[in-house]
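A short worksheet on the structure shown next.
None of the figures in this text is laboratory data; all of them are computed from the coordinates on show. Remember, predicted model here, so these are calculated numbers, not experimental data. A quick note on method: Cβ atoms are made from the backbone with ideal geometry, for glycine too, and the neighbour counts reach across all protein chains shown.
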Amino acid sequence: MNLPVSISASSIAQIYRVPSANAHKGTLGHALIIGGSYGKIGAVCLASKAALKSGCGLVTAFLPECGYSILQTYVPEVMVQTDVHQKHITHIQYPIQPSAIGIGPGIGQEPQTQKAFHHWLQQQTQPIVIDADALNILAQNPDWLSFIPAQSILTPHPKELERLIGSWKNDDEMLQKTIDLSQKHQLVVVVKGAPSRVVFGPNIHLNTTGNVALATAGSGDVLTGIITGLLAQSYAPLEAAILGVYLHGKAADIAVPEMGTQAFIASDILNYLGKAFLTLSLG
């Protein structure tokens, strides 16, 4: 295990790219967010909007039929493809070729959904972002980890991580187990927490932004969308993860002096994301 490296403003400046003045929506990537189930469509709404707000040119959401009107109303800029099933995902099929895919927010763990995820996962060849119940499905089926494309990004919170790697006695043991998972399957693992850490191989990147306001429902869905959107814009997977956690936390840091922590919700991350980007552009 190498000593952690801080994710600082100076290191982010080496990653962040200002969009070209000649860019258009067709050159800024097409992100696909797959997820949602009855009662959990909000997760896909947040992730999809976050992908757009990350600077991605196009975003499509794939979700059960019950989420169609909800998502089209919440964020009309996002295109929608639906599953044949009303309440949960049963077949993951879409007529597009996205630049990057994030899967898991609100997806649930129905047997049909697990089967669809298994079939879909075996067809993937490019790095993907995996979150929420997609991680829990992997924890129940650890042999499926071998199907995940190299350099894919996993974004577990502590309980999801524990289901993947087992329990730990202290922080060092948790990090070593996460490193082992990363090295075995060539994965980028975003360990969400206070602070969040990005693990890739033996290297640990320690985020320096964020605060307790982020401990709110939907915060992780927003992070998934941001990282997927950055990946779609051709950031390398590790870069997308590092920049994503930094911006996610920076948005909360800017918001808290204006609104405090108690009233802060996941949608507020989206509302302050532009100001977080401005700190990068202005130096």
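Under 5 Å between amide hydrogens, built in the peptide plane, is the criterion, and for Phe62 it picks out Ile33, Ile34, Gly35, Gln81 among residues at least 5 positions away or on other chains. Evaluated at q = 0.20 Å⁻¹, the base-10 log of the normalised Debye intensity for the stretch 170-283, with identical point scatterers placed on the Cα atoms, takes the values -1.06. Cβ-to-Cβ counts within 10 Å put Asp180, Asp171 in ascending order as Asp171, Asp180, the fewest first. Within straight-line reach of Lys40, meaning a Cα separation under 24 Å, sit the following lysines at least 8 residues removed in sequence or on another chain: Lys49, Lys53, Lys87, Lys115, Lys159, Lys192. For the stretch 191-209, backbone nitrogen atoms closer than 19 Å to the point 7 Å from Ala9 Cα along Cα-to-C-beta are found at 206-209. A simple packing score, the average count of other Cβ atoms within 10 Å per residue, orders the peptides 264-270, 64-70 as 264-270, 64-70, with the highest score first. 3J(HN,Hα) along the stretch 46-51, derived from phi through the Karplus expression 6.51 cos²θ - 1.76 cosθ + 1.60 where θ = phi - 60°, amounts to 5, 5, 5, 5, 4, 4 Hz, with x in place of Gly and Pro. Among Asp83, Asp131, Asp172, determine the one that fluctuates most according to a GNM of the chain built with springs between C-alpha atoms less than 10 Å apart. Result for the chain, Cα springs under 10 Å: Asp172 fluctuates most. Each residue of the stretch 163-179 is assigned a 3J(HN,Hα), and the resulting list reads 5, 7, 10, x, 6, 9, 8, 8, 5, 5, 5, 4, 5, 5, 5, 5, 4 Hz, derived from the Karplus form 6.51 cos²θ - 1.76 cosθ + 1.60 (θ = phi - 60°), x at Gly and Pro. The helix-based estimate of mean residue ellipticity at 222 nm for the chain, built from -39,500 (n - 2.57) per DSSP H run of four or more residues and divided by its residue count, is -13500 deg cm²/dmol to the nearest 500.
Per residue, the convex hull spanned by the Cα atoms of the stretch 147-204 amounts to 72 cubic angstrom.
Of the residues His205, Ile148, Gly57, the one whose Cα sits farthest toward the positive end of the charge dipole of the chain, with +1 on the Cβ of Lys and Arg and -1 on the Cβ of Asp and Glu, is Gly57. Taking amide H as placed 1.01 Å from N in the peptide plane, Gly106 has its amide H under 5 Å from the amide H of Gly36, Asp133, each at least 5 places away in sequence or on another chain. Counting only DSSP beta bridges with both residues in the stretch 5-281, the antiparallel share comes to about 25 percent.
Using a cut-off of 11 Å between beta-carbons, work out the net charge of the residues near Thr113 (Lys and Arg +1, Asp and Glu -1, Thr113 not included). Taking every Cβ under 11 Å from that of Thr113, the sum is -1.
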